[in-house]
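Accompanying notes for the structure given below.
The values are calculated or read from the model by the stated rules, or taken from the named source; none is laboratory data. Predicted model, so just to flag it, every value in this text is computed and none were measured. Cβ placement follows ideal geometry from the backbone for every residue including glycine, while neighbour counts extend to all protein chains displayed.
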Amino acid sequence: MFNLVSIGDIKLDTFVVLDDASLECELKDRNCKLCLPYGAKLLVKTFEPQIAGSAPNVAVALARLGLKTATVSMVGHDATAHLAAVRLKEEGVATQYVVENKKTKSSFSIVLLFKGERTMLTAHAPHKYRLLKCPPTKWLYVSELGEDFEVLYKDVIGHVEKKKVKLALNPGTVQIRAGYKKLKSILKRTEVLFVNKEEGHALLQEKNHLDMERLIRTLWKLGPSTVVLTDGKNGAYAFDGGDILFVPSFPSHRVETTGAGDSFASAFLASRMYKKDLGESLKWGAVNSASVIAVVGPQPGLLHRNEIERRLRIHPEFKISIT
């Protein structure tokens, strides 16, 4: 029996740290564009490929936190398949449910890092997921998926109802754009919904005018038992029908933010599996996320349980508040 099975794409992220670039910003709305010399050959500080994707990120994070995990995924007939198998086995994540499809390619991203921010060039291979046979597990974690996500959602709903499995949902860009009406059925079966502020507004098809309290309450009314709403360096909120809890960002040196949401969600879920309360789970998420954004990539900074607990002990001033 697994503690958690994650579902979604495994991809190869290549991180490129840029020196020779510039920013062009509009003073009025603070929108910035990353500018590179056209037709030039540029020297870079770092060129680092890493296995990534929400599904493997979450499975690896929970494995480091002492829990038994597996990933249900599809990769292409390419080098990513081998690298993913090696990486997941190193972390103790079960790989027998990762399928190699010889007719397609793996998804990938090029992540350009400049002055602490990232610009991603992403290619998603069209993988059609089904949950015809799911490994025995206590939790399912469903994140970013392609255009045919509704087929998998029906499988997940059926499995959750039949097996009494708890569901954590972190909808990706395609699902967010579809709107809450397309997600209504799965949201009602969701134990924990993870979204950031911008995703929450987009899911509700709002124009970013709801304050955080109204936003999280409105999302909760869609059906999930608990909503976790993150707001980057401004902290995160959780609501399960009682008080709205807030946690500030944990002290950290920010390098880049890839995997910040996955690491937060993973530690939050691990804390709940260890029977911690809602506030403590928020703190676990904040600590894990702060560690991940201090290095390049979504997995190198992931913490073990004893390290999260140690960092919280040496920062007794880091506390939860009620909004």
Checklist entry - What is the number of the single condition among (1) under 18 Å from the mean Cα position of the chain (by Cα); (2) within 15 Å of residue 195 (Cβ to Cβ); (3) of a type in the set (Val, Ile, Thr) that residue 292 does not meet? => result (2)
Checklist outcome for this item: The condition from (1) surrounded by fewer than 16 Cβ atoms within 10 Å (Cβ to Cβ); (2) under 30 Å from residue 15 (Cβ atoms); (3) at pLDDT below 95 that residue 256 misses is numbered (1)
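Give me the strands (runs of 3 or more DSSP E) completely within the stretch 201-319, filtered to those with at least 3 residues that are more than 22 Å from residue 144 (Cα to Cα), touching a strand residue (DSSP E or B) at 6+ places or on another chain (Cβ under 6 Å) and not polar (S, T, N, Q), ordered by residue number. Lay out the reasoning, then the answer.
Working: elements: 226-230, 236-239, 245-247.
It comes to 245-247.
Without any contact (Cβ under 8 Å) to a residue 24 or more places away in the chain and of a type outside the set (A, V, I, L, M, F, W, C) - does that describe any residue in the stretch 164-172?
We begin by selecting, within the stretch 164-172, every residue without any contact (Cβ under 8 Å) to a residue 24 or more places away in the chain; these are 164.
Imposing the further condition that a residue be of a type outside the set (A, V, I, L, M, F, W, C) reduces the set to 164.
Yes, the stretch 164-172 contains a residue that is without any contact (Cβ under 8 Å) to a residue 24 or more places away in the chain and of a type outside the set (A, V, I, L, M, F, W, C).
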Item to check | Close pairs (8 angstrom Cβ cut-off, 6 or more residues apart or separate chains): free of Cβ contacts under 8 Å to residues at least 12 places away in the same chain and under 17 Å from residue 72 (Cα atoms) in the stretch 95-109, in a strand (DSSP E or B) and of a type in the set (Gly, Ala, Ser) anywhere | outcome: none
Checklist entry - Is there any pair with a first residue in the stretch 302-323 that is closer than 27 Å to residue 216 by Cα and free of Cβ contacts under 8 Å to residues at least 40 places away in the same chain and a second that is part of a helix (DSSP H, G or I) and β-branched (Val, Ile, Thr) whose Cβ atoms are under 7 Å apart and which are 6 or more apart or on different chains, and what are they? => result 312/287
Next on the checklist: Where the second residue is assigned to a loop (DSSP other than H, G, I, E, B) and modelled with pLDDT of 95 or more and the first is within 15 Å of residue 190 (Cα to Cα) and lies in the stretch 226-248, which pairs have Cβ atoms under 7 Å and are six or more apart or on separate chains?
Outcome noted: 226/191; 226/240; 240/225
Item to check | Per-region count, the stretch 126-170, residues in contact with a Phe, Trp or Tyr (Cβ under 6 Å, 6 or more places away or on another chain) and either among the polar types (S, T, N, Q) or assigned to a strand (DSSP E or B) (or both) | outcome: 4
Next on the checklist: I need every pair where a residue in the stretch 114-136 that is closer than 18 Å to residue 42 by Cα has its Cβ under 9 Å from the Cβ of a residue that is among the acidic types (Asp, Glu), sequence separation at least 6 or different chains.
Outcome noted: 114/19; 118/256; 120/13
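Hey, does the stretch 38-53 have a residue that's within 19 Å of residue 127 (Cα to Cα) and not in a loop (DSSP other than H, G, I, E, B)? Write out each step before concluding.
Going through the stretch 38-53, the residues within 19 Å of residue 127 (Cα to Cα) turn out to be 51-53.
Now drop any that are not not in a loop (DSSP other than H, G, I, E, B), which leaves 51-52.
There is at least one residue in the stretch 38-53 that is within 19 Å of residue 127 (Cα to Cα) and not in a loop (DSSP other than H, G, I, E, B).
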Item to check | Residue under evaluation residue 297, criteria (1) surrounded by 15 or more Cβ atoms within 10 Å (Cβ to Cβ); (2) free of Cβ contacts under 8 Å to residues at least 60 places away in the same chain, criterion not met | outcome: (2)
Item to check | Candidate set from the stretch 67-116 (those that are assigned to a strand (DSSP E or B) and polar (S, T, N, Q)); member that is surrounded by the fewest Cβ atoms within 10 Å (Cβ to Cβ) | outcome: 101
Checklist entry - When the stretch 187-242 is examined, which residues are found to be of a type in the set (D, E, K, R) and within 29 Å of residue 118 (Cβ to Cβ)? => result 197, 198, 199, 206, 207, 211, 231, 233
